[in-house]
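A short write-up of the structure that comes next.
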Amino acid sequence: MTRRNTAVSVLGLVSIVLFLNFGSGEVLADSDGLKKLDSAGRTGEWRLLFDGKTTRGWRGFKQTGFPCKGWIVEDGCLKHCLNGGGGDIVTGETFDEFDLEFEWKLTPGSNSGVKYFVLEERKEPIGHEYQVIDDPAYGFDKAGNKHRTASFYDVLPPSVYLPPRPPGEFNSSRILVCGSHVEHWLNGVKVLEYELGSPAVMAAVRQSKFKGVKGFGTKLKGHLLLQDHGGEVWFRNIRIRTASEPSQSLK
């Protein structure tokens with residue numbers, strides 16, 4: 001085989017491999033942490049909720065503007081500073097069905113969370129929370145704990161025991177709401193799924209600190225929220241897709 005034909009064959013093989021990878025719906029991470037994901041078989045276009053440079057699209061809970069302390073933009077991340085105050089921040093938009101992806105890291109002993117279905121008519125910033133925490137520091141590094149990373153905080157534990165990466169390293173997370181179906185993902189693995197308003201979920205809510213919150217455990221249209229829990233935490237690559245025909249689970 002000539003050198004020219006060999007080069008053509010290699011290029012062809014690379015093209016086939018790339019086609020198969022993107023066609024499979026796999027998430028491919030670039031060295032700079034930016035992601036590429038195809039939309040094969042799914043509707044809706046990905047769009048950034050955080051542009052990596054400004055706080056556009058975010059504001060304080062029940063506030064008209066972004067907090068003047070506590071939160072900063074640093075190295076392409078939305079960062080909450082240690083004991084910085086500022087309170088929780090929310091998206092200006094509200095969502096009921098969505099596919100949300102984000103990356104996060106924290107320092108040892110830190111605690112945070114990403115909430116959805118957050119209503120500002122409520123007195124407190126309550127919502128369904130995807131827990132973000134240093135599990136070993138709080139003794140949450142055991143299967144079945146409703147407060148561990150990726151749990152539906154205080155309601156349902158992850159069904160799959162998957163420790164997050166250690167403090168200082170970025171984790172990737174995903175929250176999918178499709179109809180009444182909800183999924184929590186951690187580092188490419190689905191670790192929890194539940195049905196909004198189902199008997200199992202409502203029974204779990206009655207055993208939680210949210211038992212007296214009207215509508216909790218059911219489907220609502222609300223804000224997304226990043227929690228200020230005092231610790232140092234970074235969020236980046238926050239993106240979402242929504243559609244009239246929402247995407248299905250990536251099995």
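Nothing in this text is a laboratory measurement; each read-out follows from the coordinates by a stated rule. Everything numeric in this text was worked out from a predicted model, so none of it was measured. As a convention, Cβ positions derive from the backbone with ideal geometry for all residues, glycine included, and neighbour counts pool all protein chains shown.
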LYS219: passes all of (1) free of Cβ contacts under 8 Å to residues at least 60 places away in the same chain; (2) more than 13 Å from TYR153 (Cβ to Cβ) but (1)
Picking from GLY144, GLY109, GLY139, GLY127, the residue that is of a type in the set (Gly, Ala, Ser) and in contact with a strand residue (DSSP E or B) (Cβ under 8 Å, 6 or more places away or on another chain) would be GLY127
Result of the Cβ filter at 6 Å on segment 55-68, keeping first residues that are more than 16 Å from LYS79 (Cβ to Cβ) and partners that are among the β-branched types (Val, Ile, Thr), at least 6 apart or interchain, is PHE61/VAL90
Filtering segment 134-146 down to residues that are in a loop (DSSP other than H, G, I, E, B) and either touching a Cys at 6+ places or on another chain (Cβ under 9 Å) or surrounded by fewer than 17 Cβ atoms within 10 Å (Cβ to Cβ) (or both) yields GLY139, ASP141, LYS142, ALA143, GLY144
Within segment 118-133, residues buried (at least 16 other Cβ atoms within 10 Å of the Cβ) and without any contact (Cβ under 8 Å) to a residue 40 or more places away in the chain come out as GLN131, ILE133
Original post:
Of the residues that make up segment 54-72, is at least one surrounded by fewer than 21 Cβ atoms within 10 Å (Cβ to Cβ) and closer than 22 Å to ALA204 by Cα?
Top reply: no
**Asked** Would it be correct to say that ILE133 is β-branched (Val, Ile, Thr) and either touching a Pro at 6+ places or on another chain (Cβ under 6 Å) or over 26 Å from ASP51 (Cβ atoms) (or both)?
**Response** yes
